[in-house]
Amino acid sequence: MATKSTSTTDFELRPARLSDLSAIATVWTAAFFDDEIIGELMHPHRDEYPDDVYWFLLRGIRERFWDWRHRFMVVTDDGKVVGAADWRRLGRGGEKMELGRGDPRMFLQELIMAYEQAV
């Protein structure tokens with residue numbers, strides 16, 4: 001028997017915007033800080049340098065955000081990002097979404113990657 005929810009929270013699921021990237025990294029840092037791979041294996045000194053996990057995740061998010069095979073989705077609660085997902089299209093369908101070398105949108109991805117390597 002289904003029960004009626006008494007929650008007054010209205011969540012919104014929507015595509016991520018450029019302005020959401022930092023919030024996505026914050027949510028994922030909280031979610032994966034003690035994860036076996038992201039936390040323990042990749043960041044064994046995360047207790048001493050907790051911001052390293054955030055910056056690592058933000059770097060990957062920034063790079064993948066401009067890859068048209070990826071689709072970032074966020075869940076918001078009163079405008080605040082409280083959840084996020086990164087969906088990647090693989091196979092022939094993903095190949096069809098790749099941008100050609102002459103596409104000006106490729107410049108954005110290359111610029112972000114160059115910036116991340118310089119910092």
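The values are calculated or read from the model by the stated rules, or taken from the named source; none is laboratory data. Please read all numbers here as calculations on a predicted model, not as lab measurements. All Cβ positions, glycine included, derive from the backbone under ideal geometry; neighbour counts span all protein chains shown.
Tallying residues that are farther than 28 Å from Gly100 by Cα, of a type outside the set (A, V, I, L, M, F, W, C) and without any contact (Cβ under 8 Å) to a residue 12 or more places away in the chain within segment 24-74 yields 11. Scanning segment 56-94 for residues that are more than 28 Å from Thr9 (Cα to Cα) and outside any helix (DSSP H, G or I), we see that the one that is farthest from the chain's Cα centre (by Cα) is Leu90. Name the pairs whose Cβ atoms lie under 9 Å apart, with the first residue in segment 90-102 and closer than 9 Å to Arg69 by Cα and among the hydroxyl-bearing types (Ser, Thr, Tyr), the second at pLDDT 75 or above and outside any helix (DSSP H, G or I), and 6 or more positions between them or separate chains? Note: no pairs meet the criteria.
Name the single residue, out of those in segment 31-46 being part of a helix (DSSP H, G or I) and of a type in the set (A, V, I, L, M), that is modelled with the highest pLDDT. Filtering first and then ranking leaves Ala31. Only a single criterion out of (1) modelled with pLDDT of 95 or more; (2) among the β-branched types (Val, Ile, Thr); (3) not in a strand (DSSP E or B) is not satisfied by Val53, namely (1).
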